[in-house]
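In what follows, a single structure is set out as structure tokens and then discussed.
All of the numbers you see were taken from the coordinates with simple rules; none came from a lab. Please read all numbers here as calculations on a predicted model, not as lab measurements. Glycine also receives a Cβ, built like all others from the backbone with ideal geometry; neighbour counts cover every protein chain displayed.
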Amino acid sequence: MGRNDDGPDRLTDNDIDRQRLRHGLRDVAAGDRGAMRLVYDQSSAKLFGICMRVLKDAAAAEDALQETYIKVWHHAARFDADRGSPITWLCSIARNTAIDRMRSSHRSPAGDGEVPDFLPDDGPTADVMLEQREERDRMFDCIGALDGNHARCIQSAFFDGHTYVQLADRYKVPLGTMKSWIRRGLLRLRECLDNV
């Protein structure tokens with residue numbers, strides 16, 4: 001079953017935003033101030049929210065946001081599109097900048113038995129949860145693009161824990177055929193995910 005990954009009807013709004021940010025960061029790395037404006041416009045609300053969540057003060061969050069974009073301007077060339085999404089990279093810079101500001105301020109945890117005004121949160125951050133949700137959605141979109149039997153077999157094997165033998169029995173095909181279906185499905189899945 002052929003796919004046309006270049007067709008505009010295959011791109012979601014998230015895909016388009018991700019591409020714009022990727023291209024924007026590439027252009028920022030080349031010193032393009034207009035690209036910096038685009039990156040700012042597409043990400044500032046989210047990054048400000050992260051800074052606010054960490055610092056819990058609007059003025060401090062605005063300062064952290066400004067410092068974040070200074071870092072982006074100077075270090076955009078470090079962004080590697082093969083290693084992650086642009087919004088995750090930007091969120092990481094904002095979060096680390098806000099944490100650094102919090103640590104350097106006088107809002108450190110109190111000692112001598114006093115309860116600190118903040119406690120470390122070991123759970124995933126909002127940006128990590130967003131990235132995980134985006135990856136899960138991309139995975140299910142790509143699985144949905146597979147042939148019916150391949151999609152069902154991959155879902156059964158990897159999400160429901162069924163073995164090749166169980167699936168071969170269920171679909172009444174030889175074990176070698178089932179392995180071949182899943183192998184072909186995984187290759188198409190990888191190709192789809194690489195093109196997203």
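For segment 126-196, the residue among A168, A151, C192 whose Cα projects farthest onto the positive side of the dipole built from Cβ charges is A168. So for the pair S105, S180, with labels modelled 7 Å out along Cα→Cβ, what separation do we get in nm? The modelled label-to-label distance comes out at 6.4 nm.
Count Lys and Arg as plus one, Asp and Glu as minus one, and take only other residues whose Cβ is under 13 Å from that of Y171; the net charge is then +2.
With 5 Å bins beginning at zero, the pair-distance distribution over Cα atoms of segment 12-109 amounts to 2, 15, 25, 23, 17, 11, 5, 2, 0 %. Would you tally the net charge around V39, using a Cβ to Cβ cut-off of less than 13 Å, leaving V39 out, and scoring K and R as +1, D and E as -1? That sum, taken over residues with Cβ under 13 Å, equals +4. With 20 Å as the cut-off, how large is the P(r) tail for segment 126-196, expressed as percent of Cα-Cα pairs? The share of Cα pairs beyond 20 Å in segment 126-196 comes to 34 percent.
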